[in-house]
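J.: Take a look at the following structure, please.
The values are calculated or read from the model by the stated rules, or taken from the named source; none is laboratory data. The structure displayed is predicted, hence computed values, not measured ones. Heads up, the Cβs are rebuilt from the backbone with ideal geometry, glycines too, and the neighbour counts pull from every protein chain shown.
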Amino acid sequence: MAWQLFRLGRWSFVHRRVVAAVWVALLAVLAVGAATLSGKTSEKFELPGIESTQAFELIEERSPQAKPDGATARVVFEAPAGRSLTEPGYSSAITAALRGLTTENVQSVTDPVTGGTISEDGRVGYAAVSYSKTSNELLDSDRAALQNAAHTAQDAGLHVAVGGDALTEFEMPLAEVIGVAVALVVLAITFGSLVAAGMPLLTALAGVGIGMLAITTLTGFVELSSVTPALGTMLGLAVGIDYALFIMSRYQSEVRAGRSLEEAAGRAVGTAGSAVVFAGLTVVIALVGLAVCNIGFLTQMGLGGAFTVAIAVLISLTLLPAILGFAGDKVMRGRPRYLAKETGGAEFRTHGRRWVEGISRRKWPALAGGIALAAVAALPMASMQLALPDDSSKPAGSDARVAYDLIADNFGAGANGPLVVVVDTANAPDPAAAVQTATDHLQALAARAGSDIATVVPAVTSAAPQAQQAFTQQLATVRFATLTVIPGSGPSDQATKDLVAEIRAAVADLPAETGARALVTGQTAVGVDIADKLTQVFPIYLAVVVGLAIFLLIAVFRSIWVPIKAALGFLLSVGVSLGATVAVFQWGWLNQLIGLDSTGPVLFILPILLTGILFGLAMDYEVFLVSRMREAYVHGAPARRAVLEGFTHSARVVVAAAIIMVGVFAGFALTDDVILKTIGFALAVGVLADAFLVRMLIVPAFMLIVGERIWWMPKWLAPLVPTFDIEGEKLTERLDGSSGEPTQERVLATH
């Protein structure tokens, strides 16, 4: 592979105009596709086959006009101090405001004045609006009607806030700017040249552009989660810069060794490019492996991220050497004045040498201290709670957060996330009696001491004979009824999640008693069911992804202990990342530093998503760090000296790459979107822990302790495992003569 990559890198350098034209043409085609074919992304997380989703499907099947999982809005009205919403002027203004909401996609609107959703003091009330379409399918006229309703009530002197997902429109954050700024500073210091520093940024941005335009075009054909393009941007920018950084660093080394620019480009792609291919492959495997979970939105995120990573690899192998060809020897010049003094390779190598020699003198304390620090940082993970984010996690002062807080303060937090019990009476001899039995079970549960049920709203709220008769007739037609349970706790609270299980247990005997069955649904129940499903499939995912990656690492390093050590180190990184996330997001430690003004459970998809992404990135650092150690060992250096030399040569680049990745992910951690904030923060901490604690401390300490045995592999296994020459040893042998310098004949033979 190294030889083929050498030829590709050199060909791209020579035929730079062709390579650049192809990538620019692809970018232009995708830009046209994105502008003309793109659709909208979805804010919802859904999973077929779980109980809460089955309830939605039952309602849509029996009542096709209904859309139980459609968008919702809560329009909250607040009267001035000492006034009441029931006053004629205010009540008429509310009625007029809600009258304007009757667009074609609105299923129902509850008037707080006539519907009873007004607080005891009369100051606060809310209207619940349900739509027949999901939030990404709503028209601009639907959102405009909501805003006009708010303005109408405000003109009458009321304070109005709108919550729910009807007004939610996902916008790509400007977090990339932070990552690019950090990367530019780090690259300028690393390469000592602004020209060289700009090249990885240029190729990374080109890769992100192509990836995002392709995903945007795809939204016109497939409904994608709004997190998918953001995750692709996050990963594409991080790995795109890092992969180009590794190849650029090798290119400069080859030029300084006296190679021609053309041959230096080929050698850089053939050697560092081999490691880039393998590193990118591990990330792609980890992300594509999310498909084994059989969860649609996770598969979309994984495939979208894997696509952008694959593009980043291809651009690093082709477009980067082409740009190097355009730049010529400028890539070795252009040092800014503030970097006039040597701050690059030599000084960094000196620091790296001192660091690893210090570890060598204190191997056992370094290993024990590193593991102990990781274990302590991971302790909060033991109390981790998972949930689907709700409006309580929105930024303070935002409309959605104000609406949530007003409802919670005046009606109880559970009013923001009611649970729905769907009673399927298709097989019940007496449907009305079956619904009443289910209601009795729920009311009995609510009457228990310590119950978290605030209110049970029956299917028919009036005892009048006419209402009972109408309900019976409707029940005979649609063969289901819905009961509403208002929890005492908020939608993301652990008590509400426990209540879902308690309700299901309370109605478990309903089929035997009445012939009917009860299904619990609502957004809280959906989050609980998806979290349970993720917990079930997580071990399978971990076994598949880690197993494949370990096999690849065995093939690369021809060792059993290196892959095992890499995998165990990765588990420490995941523990630190999840522990820090729990401490900040769930416990509230230092949460103001990232603009988080509330606490709550951790994003329910984070553990499995973090595992997939961080595993691939962790293996990147493992490959780039340990491959130089193996290169030294293969060339005859004793095990201890191989660790010292390999660490000294690769530490500078690994440190720069890690700082860049942390900067990119930290930028997303500073956004207002709680999903991106959680993922960005967890990845930033995970990369920080993996690069500096695990790879730069624990790994060299462990390898120095084990010594020669670290490279051991059973003889029976060696023939079964393919060989990957990521150090470029065979390439060097093919290009260089016995003196170690390229001979004229060998150089000419490569053309």
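J.: Restricting the range 90-149 to residues that are outside any loop (DSSP other than H, G, I, E, B) and among the basic types (Lys, Arg), which is surrounded by the fewest Cβ atoms within 10 Å (Cβ to Cβ)?
T.: This residue is Arg99.
J.: Among the candidates Ala408, Ala432, which residue alone is assigned to a helix (DSSP H, G or I) and either under 30 Å from Pro389 (Cβ atoms) or not assigned by TED's automatic domain parsing to the domain that holds Gln469 (or both)?
T.: It is Ala408.
J.: Now, a different point. Can you find a residue in the range 179-186 that is modelled with pLDDT of 85 or more, among the small types (Gly, Ala, Ser) and either part of a helix (DSSP H, G or I) or not assigned by TED's automatic domain parsing to the domain that holds Thr72 (or both)?
T.: Scanning the range 179-186 turns up no residue that is modelled with pLDDT of 85 or more, among the small types (Gly, Ala, Ser) and either part of a helix (DSSP H, G or I) or not assigned by TED's automatic domain parsing to the domain that holds Thr72 (or both).
J.: So, one more: Quick check, is Thr299 free of Cβ contacts under 8 Å to residues at least 12 places away in the same chain, in a helix (DSSP H, G or I) and over 20 Å from Ala618 (Cβ atoms)?
T.: yes
J.: Would you check if there is a residue in the range 589-604 being crowded, with 24+ Cβ neighbours inside 10 Å and in a helix (DSSP H, G or I)?
T.: Checked against the condition, which is being crowded, with 24+ Cβ neighbours inside 10 Å and in a helix (DSSP H, G or I), the range 589-604 yields no hits at all.
J.: Additional query: Could you list all residues from the range 480-524 that are of a type in the set (D, E, K, R) and not in a helix (DSSP H, G or I)?
T.: Asp493, Asp509, Arg517 - these are the residues of the range 480-524 that are of a type in the set (D, E, K, R) and not in a helix (DSSP H, G or I).
J.: Related question: Pick from the range 389-447 the residues that are hydroxyl-bearing (Ser, Thr, Tyr) and surrounded by 17 or more Cβ atoms within 10 Å (Cβ to Cβ): which of them is nearest to the chain's Cα centre (by Cα)?
T.: So, considering only residues that are hydroxyl-bearing (Ser, Thr, Tyr) and surrounded by 17 or more Cβ atoms within 10 Å (Cβ to Cβ), the one nearest to the chain's Cα centre (by Cα) is Ser393.
J.: Moving to a separate point now. Report, ordered by the first and then the second residue, all pairs with beta carbons closer than 9 Å, sequence separation of six or more or different chains, a first member in the range 651-672 that is more than 15 Å from Met234 (Cα to Cα), and a second member that is of a type in the set (S, T, N, Q).
T.: Arg652/Thr190; Arg652/Ser249; Val653/Thr190; Val653/Ser249; Val655/Thr190; Ala656/Thr190; Ala656/Ser249; Asp672/Ser398
This table checks each residue for (1) under 22 Å from Ile594 (Cα atoms); (2) of a type in the set (A, V, I, L, M, F, W, C).
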| residue | (1), (2) |
| --- | --- |
| Phe665 | yes, yes |
| Phe668 | yes, yes |
| Asp673 | yes, no |
| Lys677 | yes, no |
| Ala682 | yes, yes |
| Val685 | yes, yes |
| Asp690 | yes, no |
| Val699 | no, yes |
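J.: Okay, next question. Kindly indicate whether Pro80 is part of a loop (DSSP other than H, G, I, E, B), modelled with pLDDT of 90 or more and either buried (at least 17 other Cβ atoms within 10 Å of the Cβ) or not hydroxyl-bearing (Ser, Thr, Tyr) (or both).
T.: Yes; evaluated as a whole, the condition is true for this residue.
J.: Still on this model: Any residue in the range 154-180 that's at negative phi and of a type in the set (Ser, Thr, Tyr): show its pairings with residues that are modelled with pLDDT of 75 or more and outside any loop (DSSP other than H, G, I, E, B) at Cβ separation under 8 Å, as long as the two are six or more apart or on different chains.
T.: Here the result reads Thr168/Ser135; Thr168/Ala400, each pair linking the range 154-180 to a residue that is modelled with pLDDT of 75 or more and outside any loop (DSSP other than H, G, I, E, B).
Results for (1) assigned by TED's automatic domain parsing to the domain that holds Ile295; (2) in contact with a strand residue (DSSP E or B) (Cβ under 8 Å, 6 or more places away or on another chain); (3) at pLDDT below 90; (4) surrounded by fewer than 19 Cβ atoms within 10 Å (Cβ to Cβ), shown as yes or no for each residue.
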{"site": "Gly450", "(1), (2), (3), (4)": "no, no, yes, yes"}
{"site": "Pro487", "(1), (2), (3), (4)": "no, yes, no, no"}
{"site": "Pro491", "(1), (2), (3), (4)": "no, yes, yes, no"}
{"site": "Gln536", "(1), (2), (3), (4)": "no, no, yes, yes"}
